[in-house]
Amino acid sequence: MSQYYDMGDQTLWNPSNGASRLFMSQVSTYQAELGLPSGIGPMQADECQIDPVAFKAFVDALLAWHRRTSHAVVAALSQGFVATVLVLAERAGIEVNWQPAGYAEGGGLRDVQVPAPPGSSEGAWAATLQQKSRELDRFMTA
């Protein structure tokens, strides 16, 4: 059995029920964390629709949230979800905002790790996440 994540008539992802159930649980978690709807509709009859406008806003907010954390555990726990969402955004033709306007004045880091992990550059952060999403794309059946 599998489920379908569609944007209009285009299927973005067709995961197994187990992968879909885990993903949808994480969607709920990150919607609550961000205080923002994901645009990923409810799963009905093994199908859900993704609203492109709401999904873009969610993806951009998720990237900004992920960028702000310097907590090693939070970053590790969220990286797979963020990479999965990036695959869906790319398949949908959504141009994500890797450096949103106002980031510099937007409040710095959250969930700071003590002791601090070794520093990494903004470019390294984006490159790592982009590589992870490219790797996942090979395994996400459309």
Restricting to region 88-131, and then to whatever is touching a Leu at 6+ places or on another chain (Cβ under 8 Å) and open to solvent by 50 Å² or more (accessible area, probe 1.4 Å), can you tell me which residue is modelled with the lowest pLDDT? Trp98
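It is to be established whether one or more residues within region 1-9 are at pLDDT below 95 and surrounded by fewer than 17 Cβ atoms within 10 Å (Cβ to Cβ). Can you show your working first?
As a first pass, look at region 1-9 and keep what is at pLDDT below 95: 1-2.
With surrounded by fewer than 17 Cβ atoms within 10 Å (Cβ to Cβ) added as a condition, the list becomes 1-2.
So far as region 1-9 goes, yes, one or more of its residues are at pLDDT below 95 and surrounded by fewer than 17 Cβ atoms within 10 Å (Cβ to Cβ).
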Using beta carbons and a limit of 7 Å, which pairs, at least six apart or on different chains, have the first residue in region 64-84 and over 14 Å from Leu34 (Cα atoms) and of a type in the set (Val, Ile, Thr) and the second one open to solvent by less than 30 Å² (accessible area, probe 1.4 Å) and modelled with pLDDT of 90 or more? Thr84/Phe23
Among the residues of region 69-83, count how many are in a helix (DSSP H, G or I), open to solvent by 20 Å² or more (accessible area, probe 1.4 Å) and not hydrophobic (A, V, I, L, M, F, W, C). 2
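Can you say whether Asp46 is modelled with pLDDT of 95 or more, acidic (Asp, Glu), open to solvent by less than 30 Å² (accessible area, probe 1.4 Å) and farther than 17 Å from Thr128 by Cα, as far as the supplied structure shows? Before the answer, list the steps.
On the way: modelled with pLDDT of 95 or more: yes; acidic (Asp, Glu): yes; open to solvent by less than 30 Å² (accessible area, probe 1.4 Å): no; farther than 17 Å from Thr128 by Cα: yes.
No; evaluated as a whole, the condition is false for this residue.
Looking at Ala57, is it over 20 Å from Gly123 (Cβ atoms) and outside any loop (DSSP other than H, G, I, E, B)?
Working: over 20 Å from Gly123 (Cβ atoms): yes; outside any loop (DSSP other than H, G, I, E, B): yes.
It is true that Ala57 is over 20 Å from Gly123 (Cβ atoms) and outside any loop (DSSP other than H, G, I, E, B).
Select, from Pro15, Pro37, the only residue that is touching a helix residue (DSSP H, G or I) at 6+ places or on another chain (Cβ under 9 Å), at pLDDT 95 or above and more than 24 Å from Arg138 (Cβ to Cβ). Write out each step before concluding.
On the way: Pro15 fails: more than 24 Å from Arg138 (Cβ to Cβ).
Only one candidate qualifies: Pro37.
The values are calculated or read from the model by the stated rules, or taken from the named source; none is laboratory data. Note that this is a predicted model, so its numbers are computed, not measured. Note that we place each Cβ from the backbone using ideal geometry, even for glycine, and neighbour counts take in every protein chain shown. What goes into the accessible areas is simple: the full protein's heavy atoms, side chains included, and nothing from ligands, DNA or RNA. Shrake-Rupley method; radii C 1.70, N 1.55, O 1.52, S 1.80 Å.
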